[in-house]
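Below: the structure, in C-alpha cells.
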Amino acid sequence: MFHFLNQHLHLNNYYTINNSTDLANNLTRLKINDNHRLITLDIKDLYVNISIEEIIHTTRIQLLKHNDQQTTNQICNILGTILGQNYFAFQDQCYQPHKGVAKGSPLSGTIAEIFLQHLENSHIKPLLDSKCIIFYSRYVDDVLVIYDVIRTNPEMIVHHANSMHSNIQLSPTLETNNQISFLDLVIIRKTQQLEIDIYRKPTRTDTTINYLSNHTMEQKLATYRYHIARMLRLPLNRSCQLREWKTILHIATSNNFPTTLLQKLKQQIQYKITTPPPTKNTENNTKWATFTFSSPHIRKITNFLYTQTSKSVTNAATQ
C-alpha cells in the first residue's frame, strides 16, 4: 500500500529537505541582514496526534488532483481500513485511540507528510509572502525558521505555529551566541550570510568498531566513510573542515586505526565526489552473489571468485 499510495499521490515538497547537505547548501546561498534571527521548532508527538478521519479527507483531496473518482475511493477505503488498525495492548487490556497512526507502519511517514504539507500550504506561505519569515524548512518533524525581528518575534511565531491545528504543539529553541543546532549541523549567523559547521552532541563517545576487531574492513571503515563524505560534501569553510578532519583522525587513532588508512580513504572519497559518475549501461546483466560467511579472509575469497568469474567470461567471449 505504501508504494501504491506514493505512485498515485503527488506531494509538492515545497518546504521539505532530503538531508542536511541540501539544507546546508540552501542556507549558504541565502542573503541575510542584521534583523534576521534563527529559531527551531520541534513538533511534539506528531504521529499519535494525527486525526485518521481528517487525514483521509485531506488525502482524498490530494488524490483527486491526479486520479479519477473510482481510484481515489478505492485508495481511501483501503487506507481507512489500514489506519483504523491502530489498537494496542497494555496490562492485558486492548485499547484503540480515536486518533493517531502507528509509528512502525510504512504508511505513517507518508501520512504525516500529507498532514503537515496541507497545514504548511495554508499557514506558512502567507508568512513568507509578508516577509515576517524569510526561510522555512522542515525535516520530518523538525523545523528551521529564519525570521525578521522588525516584523515579528519568537512568541508570535510559536503562537502562529501552535494555532495551525488543535492537535499540534511545537516547542521552540532560540539561537544562542548567533548560532543554533539543527539536525547534525551548527548554523552560524554572520552579518550577511550563514556559515555551517558540524554538530556533535555533548554526550557523544568516540567509540567505533576497533581496527583490531574481527569485522570485515568494509564494516570497520563504514563510520569513517560517512564522516569523511559528510565533511567533504558540506559547504564548510577551511577552518571548520580542518577541525572536523582532526576530529575524525582523533576518533580513528582512539580505535587503533592507522592514519595512513584514513588518508587513503579520504583521497578515494574525494575522487568519487569530484569525478562524474560513468554512464550506466542499461544492458548490463551482471549477477551478484551474497556471502554470509564472516572471516578476515572474506575479501581474499571474494576477490578470488571475482577473478575466476572474469576469466570465465573472457574465455567464453574468445571461444
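Listing for the model above:
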{"item": "Given charges at beta-carbon only (K, R positive; D, E negative), |dipole| of region 189-249 in Debye", "result": "200"}
{"item": "List M156, M164, M1, ordered by accessible area with a 1.4 Å probe, largest first", "result": "M156, M1, M164"}
{"item": "Loop trypsin sites (Lys or Arg not before Pro), region 149-231 (other Cβ atoms within 10 Å of the site Cβ: 10 or fewer; DSSP)", "result": "K190, R204"}
{"item": "Furthest towards positive pole of dipole, L127, Y199, T223, structure part the chain, Cβ charges", "result": "T223"}
{"item": "Pairs from K103/K246; K131/K201; K220/K287; K44/K125; K125/K190; K65/K287 whose Cα-Cα separation, in the structure shown, is over 31 Å", "result": "K103/K246; K131/K201; K65/K287"}
{"item": "Sequence of H215, H36, H3 from largest to smallest accessible area, 1.4 Å probe", "result": "H3, H215, H36"}
{"item": "Size of charge dipole - the chain - debye, nearest 20, with Cβ of Lys, Arg +1 and Asp, Glu -1, no other charges", "result": "1500"}
{"item": "Residue order for I187, I52 - accessible surface, 1.4 angstrom probe, largest first", "result": "I52, I187"}
{"item": "Whole-percent carbon and sulfur share, accessible surface of the chain, 1.4 Å", "result": "52"}
{"item": "In Hz, Karplus ³J(HN,Hα) per residue of region 125-135 (6.51, -1.76, 1.60; θ = phi - 60°; x = Gly, Pro)", "result": "4, x, 5, 5, 5, 7, 6, 5, 10, 9, 8"}
{"item": "Angle between the chain longest axis and helix 298-318 axis [Cα atoms, degrees, rounded to 10]", "result": "80"}
{"item": "Positive-end residue of A89, N67, N177, charge dipole of the chain with Cβ unit charges", "result": "N177"}
{"item": "Prolate/oblate/rounded call for region 160-204, Cα gyration tensor, a/c under 1.5 rounded", "result": "oblate"}
{"item": "Gyration tensor verdict on region 123-199 (Cα atoms; rounded if a/c is under 1.5, prolate if a/b is larger than b/c, oblate otherwise)", "result": "oblate"}
{"item": "1.4 Å probe accessible area per residue over region 1-114, in Å²", "result": "58"}
{"item": "Region 195-209 - phi-based ³J(HN,Hα) in whole Hz, Karplus 6.51/-1.76/1.60, Gly and Pro as x", "result": "10, 10, 9, 8, 9, 10, 5, x, 8, 5, 10, 9, 8, 10, 4"}
{"item": "Nonlocal amide H pairs with L185, under 5 Å, H built at 1.01 Å", "result": "Y199"}
{"item": "Cut-off under 5 Å, modelled amide H: who pairs with V140 long-range", "result": "I17"}
{"item": "Estimated [θ] at 222 nm from DSSP helical runs (n ≥ 4, -39500 (n - 2.57)) normalised by residues in the chain, nearest 500", "result": "-15000 deg cm²/dmol"}
{"item": "For region 48-57, Karplus couplings with θ = phi - 60° (6.51, -1.76, 1.60), whole Hz, Gly/Pro x", "result": "7, 10, 8, 6, 5, 4, 5, 6, 5, 5"}
{"item": "Point-charge dipole on Cβ atoms (K/R +1, D/E -1) for region 23-101, about Cα centre, debye to 20", "result": "400"}
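The values are calculated or read from the model by the stated rules, or taken from the named source; none is laboratory data. All values derive from a computational prediction rather than experimental measurement. All Cβ positions, even for glycine, are placed from backbone atoms using ideal geometry, and neighbour counts span all protein chains on display. SASA here: full protein model, heavy atoms, side chains in, ligands and nucleic acids out. Shrake-Rupley method; radii C 1.70, N 1.55, O 1.52, S 1.80 Å.
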